[in-house]
Amino acid sequence: MTNQPPDPKSSMWAWIAYQLRFQRIERGLSGDAVAKLLNCSRATITRLESGEARLKDKQAAKLDKEWRTGGFFATALWFAQLAPDPQWLQSYTAFESRASIMHMFNGQLVPAPLQTPDYTRALLQSGRNTEAEVERALTERLARQEILARSDPPELWVLLTENILTWPVGGAETMRAQLAHLLEVAEQPNCIMRIVPGKSGASEALEGSFKVISVREGEVGYIEAATGGRLVMDADGARALRTRFERIGAKAMPVDSTVGMIQRAMELLT
């Protein structure tokens, strides 16, 4: 079956995939020829043209030079990396389901893989969602937690701000259950959970939540935003997020303090 490109109007990444295939065909080149040009496998070209994989900076530069595009691919890639991705969740969860290591920093909410159903439902109901939309989103979000129940769950490195522990999402009972769940997760052998105290002052912890996950292909970052997130696919960008994670972690409490801080937050709930 001939490989079909995605709808070029669905996102900038889909536009790049569409153009890669279009310009290859316009030049009368086979997928094997482009694979040789980019020093990758034919399967990788198929994935790039279908939108399953994303063009990297060095690949874009190579195409622009050899095909004399006037910098088309590099410019398109620059805009794609800046723009919110309307398919971010689908793209991110595809990587998340294969993660071997997950670094998660959250400054406002418990990260989705660690949320209890009632905590998640309270968050979803706080928006303008119908009951059917709430239940559908709840089912999808809880399905993402199946990765933690695997016989070989990913290694978790979690940084949470103290604010998360004291903001009573869903009321005292729901929040107490959520904190109890965090305690259970924190005591698992595959999890390192640390809390960034409010007294730590100004830091990159105030700039927003993000994740870096390790998969077979390398590291993939994700920067959260209220109106849609952004995947960080290039190695340098993912590495920069890992460095930010380490800098925030430098202001976090020791891991031995995590259980005590969560327990104290539970005691303050009324």
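Expressed as a whole percent, the proportion of Cα-Cα pairs in the chain lying more than 22 Å apart is 61%. At a Förster radius of 25 Å, what calculated FRET efficiency corresponds to the Cβ-Cβ distance of Q263 and V185, to the nearest 0.05? Given R0 = 25 Å and the Cβ-Cβ separation, E is 0.95.
Computed from backbone phi with θ = phi - 60° and the Karplus coefficients 6.51, -1.76 and 1.60, the 3J(HN,Hα) list for the stretch 65-73 is 6, 6, 9, 6, 8, x, x, 4, 5 Hz; x is used for glycine and proline. Apolar share of the accessible surface for the chain: 53 percent from carbon plus sulfur atoms, 1.4 Å probe. Expressed as a fraction of 2.2 N^0.38 Å, the value expected for a compact globular protein of N residues, the C-alpha radius of gyration of the stretch 142-236 is 1.22. Using a probe of 1.4 Å, the accessible surface attributed to D256 totals some 140 Å² when neighbouring protein chains are kept in position.
Evaluated at q = 0.20 Å⁻¹, the base-10 log of the normalised Debye intensity for the stretch 1-122, with identical point scatterers placed on the Cα atoms, takes the values -1.14.
Within the stretch 203-242, report the trypsin sites (Lys or Arg not before Pro) that DSSP leaves as loop and that have at most 14 other Cβ atoms within 10 Å.
Details: sites: K211, R216, R230, R239, R242; in loops: R216.
Passing sites in the stretch 203-242 are R216.
In a reduced charge model with +1 at each Lys and Arg Cβ and -1 at each Asp and Glu Cβ, the chain shows a dipole moment near 900 debye about its Cα centre. Accessible surface area normalised per residue over the stretch 52-211 is 52 Å², counting heavy atoms of protein chains with a 1.4 Å rolling probe.
Over the chain, how many pairs of lysines fall under 15 Å by alpha carbon, counting only those 8 or more apart in sequence or from different chains?
Here the count comes out as 5.
A Förster distance of 25 Å, applied to the separation of the beta-carbon atoms of S126 and M253, puts the FRET efficiency at 0.30. Summary of the geometry: the stretch 1-79 and the stretch 111-150, compared by the centres of their Cα atoms, lie 36 Å apart.
Can you show me the helix-derived [θ] at 222 nm for the chain, built from DSSP H runs with n ≥ 4 at -39,500 (n - 2.57) apiece and divided by the number of residues, rounded to the nearest 500.
-14500 deg cm²/dmol
Annotation: Cα Rg of the stretch 195-235 relative to the compact-globule expectation 2.2 N^0.38 Å equals 1.44. Modelled label positions at A177 and R239, each set 7 Å beyond Cα in the direction of Cβ, lie 4.5 nm from each other. In the complete set of protein chains, residue-level accessible area for W78 is approximately 140 Å², probe 1.4 angstrom.
The values are calculated or read from the model by the stated rules, or taken from the named source; none is laboratory data. Keep in mind that this is a model prediction, so the values were computed, not measured. Positions of Cβ are generated from backbone atoms using ideal geometry, with glycine treated the same way; all protein chains shown enter the neighbour counts. Protein only, heavy atoms only, side chains kept; ligands, DNA and RNA dropped before computing areas. Shrake-Rupley method; radii C 1.70, N 1.55, O 1.52, S 1.80 Å.
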